[in-house]
There are 2 protein chains.
Amino acid sequence: MREEDRNDIRNLPLFRNMTSPAFDALMHAAYDQVFPAQLELIRQGEVANFLHVVLEGAVELYANWQDRDTTMAVVQPVATFILAACMRDAPYLMSARTLRRSRIVLIPAVDVRAAFARDHGFALATVQELSEGYRNFVRHAKNLKLRNARERLGAYLWQRSLDTGGAQGFVLPQEKRLLASYLGMTPESLSRAFKALRDHGVHIDGMRVTITDPAALAALVQPNTLLDTALNIP
Amino acid sequence: MREEDRNDIRNLPLFRNMTSPAFDALMHAAYDQVFPAQLELIRQGEVANFLHVVLEGAVELYANWQDRDTTMAVVQPVATFILAACMRDAPYLMSARTLRRSRIVLIPAVDVRAAFARDHGFALATVQELSEGYRNFVRHAKNLKLRNARERLGAYLWQRSLDTGGAQGFVLPQEKRLLASYLGMTPESLSRAFKALRDHGVHIDGMRVTITDPAALAALVQPNTLLDTALNIP
DNA sequence: GGACAAAGTTGATCCAGATCAAACCTCGCG
DNA sequence: CGCGAGGTTTGATCTGGATCAACTTTGTCC
């Protein structure tokens, strides 16, 4: 593994407060691999063998049932995913695929659990990470149940705007059909929701979004940290 | 606190593997209280001061935004709730109210975090509990996004049937309007969904449900541990 | 640079589930 | 025992978002 990547991982909240020996042991057991776009990394129902860390690229977490599919989250570098399944030693509830060529570190779940047992700083960080993941899914469920399609899109755009440093203009980080699936609607409905938001201070041109009237958008979506997920999801 | 209640708490997975001194310290700091029905225990947005343990009665976790409300979960004895907010020292994302007269133990969040730091068995149990909570919310979100109203109800009834020991007949544990809200639909739609399920092996009479044709119901809902939440929720 | 595929948009139509309104139960209580 | 309030069901109607189909745009690969 490259020194630089190692440092990126070391600086993640999850690993920041580990002792060096414990961290070294984890990294020693880990695999660093590059995967092409559209590769299925994990299939839901398999038992969790690895904690994944995305160093470059992007990974989609999705779920399916019968012939239906839905996007649950997008993981951007540098971040980990499916910690919960690893800690429980349980089957993955979601599948994962690369959205583009991605570099990913795989840490054997058994080593993660061993590190948890030995290193208190890591144990604490694990709980913080799990708690925040838990809370983000509570937010996702609240969003789905309490807001309609237009409001969900508006809230999403508002949050993206904040995440890009309060800039009024930004570029959508993923293609629209994926965003539609994440927000729980069809691509057609997303397209119409964008049109509807023109009356609420949002201008869209291809992938480029401009919030022309923040007050109007805020009035519609009532942004709220109890519903809106900060940071790269997706 | 009564000896019996103390034992019930001690036997919860979360507390089972604590050292006795650590458990005693936690219990020493805890309050044991009885609340009437319909009392708001927690309001979303407040900072988490207590981990709650339901000993008797039942507690509804719900969320609201603007003038809309939705039920997120029902906690049955003996179980804890809002561990994630306590560990993060963050605002509650959900409100909580008693559904009936309930006995609840309140453990100061600061003591919970201290116990986590000192007692490894508790730390491990905390992570297991959080992970499972996390996974249950993933399931809830998957359910909402992948199944329609009728399928959600069918899956719910299937799971309740399993939870009551595979019995074909059982009584709904909560009133229907609450169930409707939990399943993400209106009471009217729930009523119609019940009627629609008559063609899929479900008979309903008031609060009493009978699964007359398990194969037919299973064919409709395709029960699946990756979507369906076992145990008392709600 | 042209051609082909995939993503996105637009329009027409449909339908699951919401809303509104009116019974109809059920159960606690004076 | 009747009465009232809240829960539930039923019916009529409406509508947000899905579906289906056609068209346009964008990106990719010889």
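The values are calculated or read from the model by the stated rules, or taken from the named source; none is laboratory data. What you see is a predicted model, and the numbers here were worked out from it, not measured in a lab. Every residue, glycine as well, gets a Cβ built from its backbone with ideal geometry; the counts of neighbours run over all protein chains shown. Surface accessibility is based on the protein's heavy atoms, side chains included, excluding ligands, DNA and RNA. Shrake-Rupley method; radii C 1.70, N 1.55, O 1.52, S 1.80 Å.
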Among the residues of segment A:20-55, how many are surrounded by fewer than 17 Cβ atoms within 10 Å (Cβ to Cβ) and within 24 Å of A:Asp69 (Cβ to Cβ)? 10
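Could we say that B:His28 is in the same structural domain as B:Leu106 (by TED's automatic domain parsing), without any contact (Cβ under 8 Å) to a residue 12 or more places away in the chain and either part of a helix (DSSP H, G or I) or not hydroxyl-bearing (Ser, Thr, Tyr) (or both) here?
Values: in the same structural domain as B:Leu106 (by TED's automatic domain parsing): yes; without any contact (Cβ under 8 Å) to a residue 12 or more places away in the chain: yes; either part of a helix (DSSP H, G or I) or not hydroxyl-bearing (Ser, Thr, Tyr) (or both): yes.
Considered against the rule, which asks whether it is in the same structural domain as B:Leu106 (by TED's automatic domain parsing), without any contact (Cβ under 8 Å) to a residue 12 or more places away in the chain and either part of a helix (DSSP H, G or I) or not hydroxyl-bearing (Ser, Thr, Tyr) (or both), B:His28 comes out as yes.
Would you call A:Gln128 at pLDDT below 95, surrounded by fewer than 23 Cβ atoms within 10 Å (Cβ to Cβ), within 7 Å of chain B (Cβ to nearest Cβ) and under 30 Å from A:Asn7 (Cβ atoms)?
On the way: at pLDDT below 95: yes; surrounded by fewer than 23 Cβ atoms within 10 Å (Cβ to Cβ): yes; within 7 Å of chain B (Cβ to nearest Cβ): yes; under 30 Å from A:Asn7 (Cβ atoms): yes.
Yes; evaluated as a whole, the condition is true for this residue.
Output the number of residues of segment A:219-234 satisfying the condition of being over 21 Å from A:Asn136 (Cα atoms) and surrounded by 16 or more Cβ atoms within 10 Å (Cβ to Cβ).
Taking segment A:219-234 and keeping what is over 21 Å from A:Asn136 (Cα atoms), we get A:219-220.
Imposing the further condition that a residue be surrounded by 16 or more Cβ atoms within 10 Å (Cβ to Cβ) reduces the set to A:220.
Going through segment A:219-234 one residue at a time, the tally reaches 1.
Could you tell me whether segment A:153-166 includes any residue that is within 15 Å of DNA strand D (Cβ to nearest atom), of a type outside the set (A, V, I, L, M) and open to solvent by 60 Å² or more (accessible area, probe 1.4 Å)?
Step one: of segment A:153-166, the residues within 15 Å of DNA strand D (Cβ to nearest atom) are A:153-156.
Next, only the ones that are of a type outside the set (A, V, I, L, M) stay: A:154, A:156.
Okay, now just the ones that are also open to solvent by 60 Å² or more (accessible area, probe 1.4 Å), so none.
No.
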Name every residue in segment B:131-162 that is more than 7 Å from chain A (Cβ to nearest Cβ) and among the small types (Gly, Ala, Ser), in order of residue number. B:Ala149, B:Gly154, B:Ala155, B:Ser161
Candidates A:Ala37, A:Ala96, A:Ala22 - the one that is small (Gly, Ala, Ser), in contact with a helix residue (DSSP H, G or I) (Cβ under 9 Å, 6 or more places away or on another chain) and more than 10 Å from chain B (Cβ to nearest Cβ): A:Ala22
Per the list (1) near DNA strand C (Cβ under 7 Å from one of its atoms); (2) open to solvent by 70 Å² or more (accessible area, probe 1.4 Å), residue check on A:His203 breaks on (1)
Looking only at segment A:92-108, count every residue that is modelled with pLDDT of 95 or more and either surrounded by fewer than 17 Cβ atoms within 10 Å (Cβ to Cβ) or part of a helix (DSSP H, G or I) (or both) and tell me the total. 2
B:Gly165 passes all but one of the listed conditions (1) within 12 Å of DNA strand C (Cβ to nearest atom); (2) of a type outside the set (S, T, N, Q); (3) at positive phi; the exception is number (1)
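So that you can scan it fast, the table gives a plain yes or no per residue for (1) out of contact with any helix residue (DSSP H, G or I) (no Cβ under 8 Å at 6 or more places or on another chain); (2) more than 8 Å from DNA strand C (Cβ to nearest atom):
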residue: A:Arg160; (1), (2): yes, yes
residue: A:Gly169; (1), (2): yes, yes
residue: A:Lys176; (1), (2): no, no
residue: A:Thr186; (1), (2): no, yes
What number of residues within segment B:136-150 are open to solvent by 10 Å² or more (accessible area, probe 1.4 Å) and part of a helix (DSSP H, G or I)? 9
Enumeration of residues in segment A:167-199 that are part of a loop (DSSP other than H, G, I, E, B) and away from DNA strand D (no atom under 15 Å from the Cβ): A:Ala167, A:Gln168
So which residues in segment A:205-234 are away from chain B (no Cβ under 12 Å), touching a strand residue (DSSP E or B) at 6+ places or on another chain (Cβ under 8 Å) and within 30 Å of A:Val59 (Cα to Cα)? A:Met207, A:Arg208, A:Val209, A:Thr210, A:Ile211, A:Leu217, A:Asn232, A:Ile233, A:Pro234
Which of the residues belonging to segment A:40-76 are away from chain B (no Cβ under 14 Å), part of a loop (DSSP other than H, G, I, E, B) and free of Cβ contacts under 8 Å to residues at least 60 places away in the same chain? A:Gly57
